[in-house]
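In what follows, a single structure is set out as structure tokens and then discussed.
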């Protein structure tokens, strides 16, 4: 991936969003990329109690050491619209909680600060997650209203320099980003990295977290991910969303769960599963320069059930340049 | 101190001796605004809610005047000409008229429905008559903004009614707070449609925060709220209530017929 390619990929965004300037100059402290990243693409055709077994088999491959650690599961909860595939499914969240407890985690907490709906409890009730959390006795923290601390950002693309962030996030030992795989009308895709906008507290930054939009969504994602480490990704790619995501798109079935120990590799893989080109998503391309791996040569597939969508995911017009020719994105998954 | 729960709790405790307004006064910034929480080094768009709390709790001419001045000086970024031009020409995915603006969640960002509604309510309460100059201008512009950003079938979402050609669905709290802010305006189809939506949906609302705001709005429009209050009581267990802000707005909604509705503007 070259900077020229990043620039090319950014063109559509630049024309539509004046603050999303291309990533001309590196603005990170140091290269933290692992030599290799691991990804598992699991097959799962429905949301059911069986997800625990599927997820357990996948997680065992990573030999994660979370013994005694506080694990924070960060699902993607944005808003509730009946029949719209907006949010990470409650059964996948419950399965993840169960698995991390089995792995010996000291504490598992689900935490999220919805970016659109101010009434977090409404989202929990309407999606059925409140009942799931209650039945499984999983604590939930509303990150929009948590105690906060001012944190210096470890990259400087957004020029924000600092963000106030929730103590629950800052004090967690092991953060698991659990995105719902969707296209996004401002950022192209919303996956494990964009999902972390949910840790930015609404009580300070509002609903939506508009300052991040003004400073550049792509840039803000990079700064946030450089600062708040994602230790693991469990992506809900069973029922996804295409078109005018993250709220008003249409459902698209992939029947997959994507696991990874690297958010960049996870998002690159999910983007390819969507039939889109991750090299053209600015925040994925830039984080691949210092935080994780985008290149298939540096991604080790532990299990793969790749698919080659006959038709790439639909996007809004500004992101049509992300769509690969049929099969091109899937080639990188093989 | 977090601003929103503090303001709502003080309003809920207005008749109690526990309502210590000094905690709010102590945190007012020299420019008249409040931060989102005690250590916050920037101003919050919920300064309008703080002014509403002051109006509810008594007469505080100095702090209230400073808060009103700050509100009159702050506007959504779309109101500035380079951005107005951008939203008219190159960035047209969100359907809105940048000439119609209100207040942002924080300075330097766009206008959104909730901070605009709180600020509008606060200014209407603070200047009940003889509105001239900047006061009249900002009230008029924000009323127009709320009409401009409404959802196509009534009600309000966070900020815009149509994004990338897709209509947005209304939110309970944004709809209720916008309706409260528009209470003193002449009735029109948008207000009527929004009230109809809120009345219909509130009966099946599963969440105390949203239901409580719905009750406060419907009460202000003289709609029957007793069944909704009964519903709210079944939803709210004080020991299990989510946060102080929810507990406070629930108390306000349950007491509004007896203790008054602090979000009403005299028509």
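Distance between the modelled labels on residue A:304 and residue B:1, one decimal in nanometres: 5.9 nm (7 Å Cα→Cβ projection). Principal axis analysis of the Cα atoms in the protein assembly as shown yields extents of 71, 51, 42 Å, listed in decreasing size.
Using equal-weight Cα scatterers in the Debye expression, the normalised intensity of region A:180-267 in log10 at q = 0.17, 0.19, 0.20, 0.21 Å⁻¹ is -0.74, -0.91, -0.99, -1.07. Restricting attention to chain A, close to 55% of DSSP beta bridges with both partner residues there are antiparallel.
Between residue A:250 and residue B:234, the simple label model (points 7 Å from Cα in the Cβ direction) yields a spacing of 3.9 nm. Does region A:103-233 come out rounded, prolate or oblate by the C-alpha gyration tensor, with a ≥ b ≥ c the root eigenvalues, rounded set by a/c under 1.5 and, if not, prolate when a/b is larger than b/c and oblate if not? Here region A:103-233 falls in the prolate category. With the convex hull of its Cα atoms as the shape, region B:149-267 has an orientation-averaged projected area of 7.6 nm². The order of A:286, B:4, A:242, going from fewest to most other C-beta atoms within 10 Å of their C-beta, is A:242, B:4, A:286.
Going from the fewest other Cβ atoms within 10 Å to the most, the residues A:185, B:147, B:203 appear in the order B:203, B:147, A:185. Look at A:162, A:321, A:89 and count the other Cβ atoms within 10 Å of each Cβ; fewest to most, that gives A:162, A:321, A:89.
Label zone of residue A:24 (point 7 Å out along Cα→Cβ, amide N under 17 Å): in region A:213-236 this covers A:216, A:219.
Scattering from the C-alpha atoms of region A:199-334 alone, worked out with Debye: what is log10 I(q)/I(0) at q = 0.22 1/Å? Debye intensities relative to I(0), on a log10 scale: -1.54.
Secondary-structure-derived ellipticity at 222 nm for chain B, considering helices only, amounts to -16500 deg cm²/dmol, per-run term -39500 (n - 2.57) for DSSP H runs with n ≥ 4.
Between residue B:59 and residue B:203, the simple label model (points 7 Å from Cα in the Cβ direction) yields a spacing of 4.6 nm. Backbone N atoms of region B:171-201 closer than 15 Å to the 7 Å Cα→Cβ label point of residue B:222 belong to residues B:183-188.
Once the mean 1/r over all distinct Cα pairs of region A:3-331 is inverted, what Kirkwood radius in angstroms do you read off?
Values: mean 1/r = 0.0518 Å⁻¹.
It is 19.3 Å.
Go ahead and run the numbers for FRET between residue B:25 and residue A:149, Cβ-Cβ distance against an R0 of 41 Å, rounding to 0.05.
Working: r = 26 Å, r/R0 = 0.62.
E between residue B:25 and residue A:149, to the nearest 0.05, is 0.95.
Shape of region B:3-259 from its Cα gyration tensor (a ≥ b ≥ c, root eigenvalues): rounded if a/c is under 1.5, otherwise prolate when a/b > b/c, or oblate? Since a/c reaches 1.5 but b/c is at least a/b, the shape of region B:3-259 is classed as oblate.
FYI, it's all coordinate maths here, none of it is from the lab. The structure presented is a predicted model; accordingly, all values stated were derived computationally and were not measured. Neighbour counts are summed over all protein chains in view; Cβ atoms, including those assigned to glycine, are modelled from backbone coordinates with ideal geometry.
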